[in-house]
Amino acid sequence: MSLLSKIPRPFHGDVVVRQEPCRICGTADGKRIGVVDYWDIRTSSVILCGHCGLAQLDPMLTHEETAKGCLAYYIEESLRVTQHEHERNLVRNYRRGIHFAHTLKQRGANPKDVLEIGPGSGYFLEGIKAVFPEIAITVMDVNKEILDFNAQQHGYHTIQATLEEHNASLDARFDLIIARDILEHVVDVAAVIKNLSAYCRKGGLFHFITPNGHEDVWKHYLTFTDLHKNSELLINHVNYFDGKGLFDFLGTQGFTPVEYYTYRFKTSLKGKGWKRAAELRAAVSKKLEADPFVNERIHDVQEMSFDKKKVLSAWYLKNPGGTLARWICAFHHGYLLTLDPFHNVGHEIHGIFKRN
Ligand SMILES: [Zn+2]
């Protein structure tokens, strides 16, 4: 593949002493490849670790800063996205859950106890439950509103906790653990993965998706190297993963791969991760104020409620465990073209790992 010899393009930058050591490998220096403003809350460098390949904010956000920025982002997004769009996303996540569950079934897995961290709307789990009706579902999140929504809408068991905190009562409790689009957000990714490894039974499965870090951080890299300016980080991606580094770290935590690939390549074709183009840069920071969102605009956010029956009323979802639903969900959410994440090409990394 000739394209793969061109992309991704390596990062250049000065090697600097970090304010905090790399959270995965403890290395004390790294390449400075960006400077980001997290709202008006914090300015951090983006440092690429030369040892394990993880790019991270340095200094990292605190839990309080993350919570405040997340709330501000949630409010900003709620005011921007319509009810109709929200409902379409719920259906998509439900279909993704169905597709994922059928993949597990094909592999001979029959999970009984699932934990999802950062469950969002909970509709991905609903899709899993449609295929495995007996499955017991627990969701964990730091945010009470999310948990209340999951309890009220789906009746899931909820745990409010910081994901970095180890909860010994959960050790070896689950045979399926899910972390979709959450690992890039956590302050201490090594601690979180360590915990998940402890919560997973031997032989159990760990499923995650997370952005390909090389592509995800590219916009900040361009703003920094082309314009020498801080870029805006409203959505708190604080970790940018290298395909090999993530794989190796999971190995040290007792996980062996079942499926590991990147998917969705439109963004790669547009140049993310390799092309120097103005339109690929992250917006120059305006240090958007978080307080007005958190204190004032929160009153404009209407309590969101969804009629689940109506949301999931499509004809092909009537029998979600059946062949027709399986095909249609696979058609929408299956990926024919995938690559080894070691290439760091593609939009998103998908993993299913088995706990040894
Ligand atoms: Zn490192």
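The values are calculated or read from the model by the stated rules, or taken from the named source; none is laboratory data. The shown structure was predicted, so the numbers you read here are calculated from the model rather than taken from an experiment. Backbone-built Cβ (ideal geometry, glycine too); neighbour counts: all protein chains shown.
Is it the case that Ser44 is of a type in the set (Gly, Ala, Ser), assigned to a helix (DSSP H, G or I) and either more than 14 Å from the ligand (Cβ to nearest atom) or in contact with a Cys (Cβ under 9 Å, 6 or more places away or on another chain) (or both)? Steps first, please.
Numbers: of a type in the set (Gly, Ala, Ser): yes; assigned to a helix (DSSP H, G or I): no; either more than 14 Å from the ligand (Cβ to nearest atom) or in contact with a Cys (Cβ under 9 Å, 6 or more places away or on another chain) (or both): yes.
In short, no.
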- Item | Residues of the stretch 282-298 that turn out to be at pLDDT below 95 and either within 21 Å of the chain's Cα centre (by Cα) or not in a loop (DSSP other than H, G, I, E, B) (or both), as a count | 7
- Item | Members of the stretch 323-356 that are in contact with a Lys or Arg (Cβ under 8 Å, 6 or more places away or on another chain), assigned to a strand (DSSP E or B) and more than 28 Å from Trp274 (Cβ to Cβ) | Arg355
- Looking at this structure, is Ile182 touching a residue at least 60 places away in the same chain (Cβ under 8 Å), touching a His at 6+ places or on another chain (Cβ under 8 Å) and crowded, with 19+ Cβ neighbours inside 10 Å? no
- Within the stretch 1-15, restricting attention to residues that are within 16 Å of the ligand (Cβ to nearest atom) and either surrounded by 14 or more Cβ atoms within 10 Å (Cβ to Cβ) or within 23 Å of the chain's Cα centre (by Cα) (or both), which residue is nearest to Lys270 (Cα to Cα)? Phe11
- Message: Take the conditions assigned to a loop (DSSP other than H, G, I, E, B), touching a helix residue (DSSP H, G or I) at 6+ places or on another chain (Cβ under 7 Å) and of a type in the set (Lys, Arg) and apply them to Arg276. Does it pass?
- Response: yes
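Could you tell me whether the stretch 259-272 includes any residue that is in contact (Cβ under 8 Å) with a residue 24 or more places away in the chain, of a type in the set (Asp, Glu) and touching a strand residue (DSSP E or B) at 6+ places or on another chain (Cβ under 7 Å)?
Going residue by residue through the stretch 259-272, those that are in contact (Cβ under 8 Å) with a residue 24 or more places away in the chain are 259-268, 272.
Narrowing further to those that are of a type in the set (Asp, Glu): 259.
Retained after the next criterion (residues that are touching a strand residue (DSSP E or B) at 6+ places or on another chain (Cβ under 7 Å)): 259.
Yes, the stretch 259-272 contains at least one residue that is in contact (Cβ under 8 Å) with a residue 24 or more places away in the chain, of a type in the set (Asp, Glu) and touching a strand residue (DSSP E or B) at 6+ places or on another chain (Cβ under 7 Å).
Would a scan of the stretch 74-81 turn up a residue that is farther than 30 Å from Lys318 by Cα, basic (Lys, Arg), over 18 Å from the mean Cα position of the chain (by Cα) and more than 16 Å from the ligand (Cβ to nearest atom)?
Filtering the stretch 74-81 for residues farther than 30 Å from Lys318 by Cα gives 74-77, 79-80.
Narrowing the set further to residues that are basic (Lys, Arg) leaves 80.
Those still in the list that are over 18 Å from the mean Cα position of the chain (by Cα) too: 80.
Cutting the leftovers down to more than 16 Å from the ligand (Cβ to nearest atom) gives us 80.
Yes, there is a match, as at least one residue in the stretch 74-81 is farther than 30 Å from Lys318 by Cα, basic (Lys, Arg), over 18 Å from the mean Cα position of the chain (by Cα) and more than 16 Å from the ligand (Cβ to nearest atom).
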- Note on the structure: Of the residues in the stretch 74-112, those that are among the basic types (Lys, Arg) and buried (at least 21 other Cβ atoms within 10 Å of the Cβ) come to Arg95
- the stretch 256-281, subset within 19 Å of the chain's Cα centre (by Cα) and of a type in the set (Gly, Ala, Ser), residue farthest from Ile41 (Cα to Cα): Ser268
- Task: Scan the stretch 20-41 for residues that are touching a Leu at 6+ places or on another chain (Cβ under 6 Å) and part of a strand (DSSP E or B) and report the count.
- Result: 5
- Run Leu71 past the list (1) in contact (Cβ under 8 Å) with a residue 12 or more places away in the chain; (2) surrounded by fewer than 21 Cβ atoms within 10 Å (Cβ to Cβ); (3) within 16 Å of the ligand (Cβ to nearest atom); (4) of a type in the set (A, V, I, L, M) and report the number of the one that doesn't hold. (3)
- Checking Asn236 against (1) more than 12 Å from Pro8 (Cβ to Cβ); (2) crowded, with 17+ Cβ neighbours inside 10 Å; (3) modelled with pLDDT of 95 or more, which single condition isn't satisfied? (3)
- Message: Please go through (1) part of a helix (DSSP H, G or I); (2) within 24 Å of Val186 (Cβ to Cβ); (3) of a type outside the set (A, V, I, L, M) for His102 and return the number of the only condition it doesn't satisfy.
- Response: (2)
- Return only the number of the condition from (1) modelled with pLDDT of 95 or more; (2) under 19 Å from Ala282 (Cα atoms); (3) not basic (Lys, Arg) that Tyr73 does not satisfy. (1)
- Message: Looking at Thr62 and the list (1) within 19 Å of the chain's Cα centre (by Cα); (2) within 15 Å of the ligand (Cβ to nearest atom), which single condition is not satisfied?
- Response: (2)
